Amino acid sequence: MPNPARPDDPPLLNVPRQRVRIVATMAIMVLAGLFGWYGVADRRTIMDEGVEAAEQMASQTALIAAGTLEAGEQLLHAMELLVKPPVADGRPDPDAVRAALLDLRAAAPHLMDLLILSGDGRIVHWTGSGTPPPVAEREYFTAHLEGGSRLYVGPPQLSKVHAGRWFFALSEALRDPAGALTNVLVVIIDVGLLRERLTLRNPRTGISQALLTEDARVYSRTPDHERHVGKQLPLSAERAGLSADQPYASTVTVSPLDGQERIVAYQHLRRYPMVAAATLPVAELLAPWRKRMTIACLLWLALSAAIVAIALRAAAISRIQQEQASLDGLTGVYNRRSIMAHADEFARALDRRGELSMLMIDIDHFKEINDTYGHLAGDDAIRRISQLLRDEVRGSDIVGRYGGEEFLVLMPDTGTEGATHVAEKLRAAVAAQVTTPTMVTISVGVATSARGERSLEPTLARADAALYAAKQAGRNCVRVAEPASEPAGAAG
């Protein structure tokens, strides 16, 4: 095997592992994108459906309010007949008018009072008892003094006659041919009627329905009508922009009544100055979505863990395959292609590193070992020598089988003196320890790269020449190549 202390993997091993990491990371990111897209799309669909549901409920609420106001208008028309009968026979009989008003109120339990006012704001007929109270300052009268709309819908108010009860007034102005105010007809309606009708149409929990004035005062709200009736709410931009011509609006906002984030849909009544609202709590609406997203996140984590596990396994297999492709099958050290790839890496970093020395090693008389003792003995000698080389060099040094019986050792950050010392140690160790089936020796050529070199080919050539000199000198020795001359301009 290659030196275990080697701090960096060879470049040939890094490439496939990097590819595996990239593919695994991309797969995890794609899964995250798909799950994220699903979550966003699913949430958007739920919110869109929530807006649609809120708009439908707002429309139902508007129908309820419109029905109530239309019934009030019918009462006003009936009261108009009491003041202006079809056949003129003098002034209406007060007792008959009161009796008719009482009959009208009895037919509708939520009517608090029916009033017929004179042109100066006095009650001339009513369903109450005793002395009529002064009402000339009430909005349901003063709203008609300046002309304008014939029908007036008043805001919710606390009754001064019926303690603790909230009402709103419907009033209609009657005028003579000259346009002077002759009478104001008033229907006082208990807002509890709106509450009951909204409650009947609102069986689901978490949903709220409300009827508001145009300036956002509450007629009725379900649930918790008693807590909110008469409250003045902040006038949102969506609600402020409503009118009979632009009756619809929806938004997502935090309710000023309960502090919950809600989908709110508004609908302005077409014939009346009233706004219907319906809301859905976002938290409850998205509760099933959150459960699905929790499951999706867990699934993503599980799939990501599986991808990581597969990637680690693939990287391990790839590493083993690459190592096997880069190692010499007989010795376990780097093969020639791999040792030269390392040499290329060192060559690219020569100007950023210290000196690099090379040991070119050849087994002496190897052909005679094969011829005399057989190829198995020769192979065993090669294995034992390669093991000695790995044991004796540093962890940062690179050992490779350069040829049949030749080895190459790359020694980064090592000068000629240090390399020569290691070479002598290796030569002595082989001569002392590889003695069967006969004593085996090695010859070593030492060369050190010159400062400023851009390639290791000159150093490799000088190491090979030094090895040849060692063999010429009788083998079992170390020879050092002459220092190379520095390239022009390197000394600067």
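Potential lengthening of the chain between His77 and Val40 amounts to 7.9 nm, from the contour at 0.36 nm per residue minus the alpha-carbon distance. Using alpha carbons only, the radius of gyration of segment 353-427 set against its Kirkwood radius gives Rg/Rh = 1.03.
With a 1.4 Å probe and every protein chain left in place, work out the accessible area per residue of segment 319-426 in Å², rounded to a whole number. Kindly include the intermediate steps, with their values, before the conclusion.
Details: 4830 Å² over 108 residues.
With the other protein chains kept in place, segment 319-426 gives 45 Å² per residue.
Close amide H partners of Val480, meaning residues 5 or more places away or on another chain with modelled amide H under 5 Å apart, are Val446. Compute the separation of the alpha-carbon centres of segment 256-271 and segment 210-252 and state it in Å as a whole number. Distance between centres, Cα-based: 6 Å.
Compute the semi-axes of the equivalent ellipsoid of segment 265-326, taking the square root of 5 times each eigenvalue of the Cα gyration tensor, and list them largest first in whole Å.
Details: eigenvalues 722, 29, 4 Å².
Taking √(5λ) for each eigenvalue gives 60, 12, 4 Å, largest first.
Each helix, a run of at least 4 DSSP H residues, gives -39500 (n - 2.57); summed and divided by the residues of the chain, these come to -15500 deg cm²/dmol at 222 nm.
On a 0 to 90° scale, report how tilted helix 336-348 is relative to the longest principal axis of the chain, with both axes built from alpha carbons and the result rounded to the nearest 10. Compared with the principal axis, the helix lies near 70 degrees.
Once you reduce segment 25-77 and segment 92-155 to the center of their Cα atoms, the two points are 41 Å from each other. Close amide H contacts of Gln260 (hydrogens built in the peptide plane, cut-off under 5 Å, sequence separation of 5 or more or a different chain): Ser255. Rounded to the nearest 10 degrees, the angle from helix 282-326 to the longest Cα principal axis of the chain is 10 degrees.
Taking all Cα pairs closer than 8 Å and separated by 6 or more residues, the relative contact order of the chain comes to 14 percent.
Close Lys pairs in the chain, defined as Cα atoms under 29 Å apart and 8 or more places apart or on different chains, number 4.
Percent of alpha carbon pairs in segment 363-403 separated by more than 15 Å? It works out to 47 percent of all Cα pairs. Couplings for segment 241-248, taken from phi via the Karplus curve 6.51 cos²θ - 1.76 cosθ + 1.60 with θ = phi - 60°, read x, 7, 7, 5, 7, 10, x, 10 Hz in order; Gly and Pro are left as x.
Could you tell me the calculated FRET efficiency between Met29 and Arg313, based on Cβ-Cβ distance and R0 = 22 angstrom, to the nearest 0.05? Don't skip to the answer; put the middle values down first.
Numbers: r = 20 Å, r/R0 = 0.91.
Calculated value: 0.65.
Summarising the label geometry, the points placed 7 Å from Cα in the beta-carbon direction at Thr182 and Lys471 lie 13.7 nm from one another. Please give me, ordered by residue number, the chymotrypsin sites (Phe, Trp or Tyr not before Pro) of segment 206-273 that lie in loop per DSSP and have at most 14 other Cβ atoms within 10 Å. Taking segment 206-273 and a limit of 14 other Cβ atoms within 10 Å, no loop chymotrypsin sites (Phe, Trp or Tyr not before Pro) are found. Summarising the amide proton neighbourhood of Tyr334: residues at separation of 5 or more, or on other chains, whose placed amide H is nearer than 5 Å comprise Asp328, Val399, Arg401. With distances taken between every two different alpha-carbon atoms, segment 145-290 has a Kirkwood hydrodynamic radius of 16.8 Å.
With all protein chains in place and a 1.4 Å probe, the accessible surface of the chain carries 56 percent carbon and sulfur.
Here is the size of the chain from its Cα atoms: Rg then Dmax, 50.4, 154 Å.
The shape of segment 353-492 comes out prolate: with a ≥ b ≥ c from the C-alpha gyration tensor, a/c is at least 1.5 and a/b beats b/c. Angle of helix 416-433 to the longest C-alpha principal axis of the chain, folded into 0 to 90 degrees and rounded to 10: 70°.
On a per residue basis, segment 52-195 carries 49 Å² of accessible surface, using protein heavy atoms and a 1.4 Å probe. Computed from the alpha carbon positions, the gyration tensor of segment 327-388 leads to an equivalent ellipsoid with semi-axes of 31, 12, 9 Å, biggest first.
Over all alpha-carbon pairs in segment 281-389, figure out the percentage whose distance exceeds 22 Å. Mind dumping the intermediate values first?
On the way: 3813 of 5886 pairs.
Roughly 65 percent, once rounded to a whole number.
The values are calculated or read from the model by the stated rules, or taken from the named source; none is laboratory data. Computed from a predicted structure; not experimentally measured. Quick reminder, even Gly has a Cβ in these numbers, built from the backbone with ideal geometry, and neighbours come from all protein chains shown. Each accessible area value is taken on the protein alone, full model and side chains, heavy atoms only, with ligands, DNA and RNA left out. Shrake-Rupley method; radii C 1.70, N 1.55, O 1.52, S 1.80 Å.
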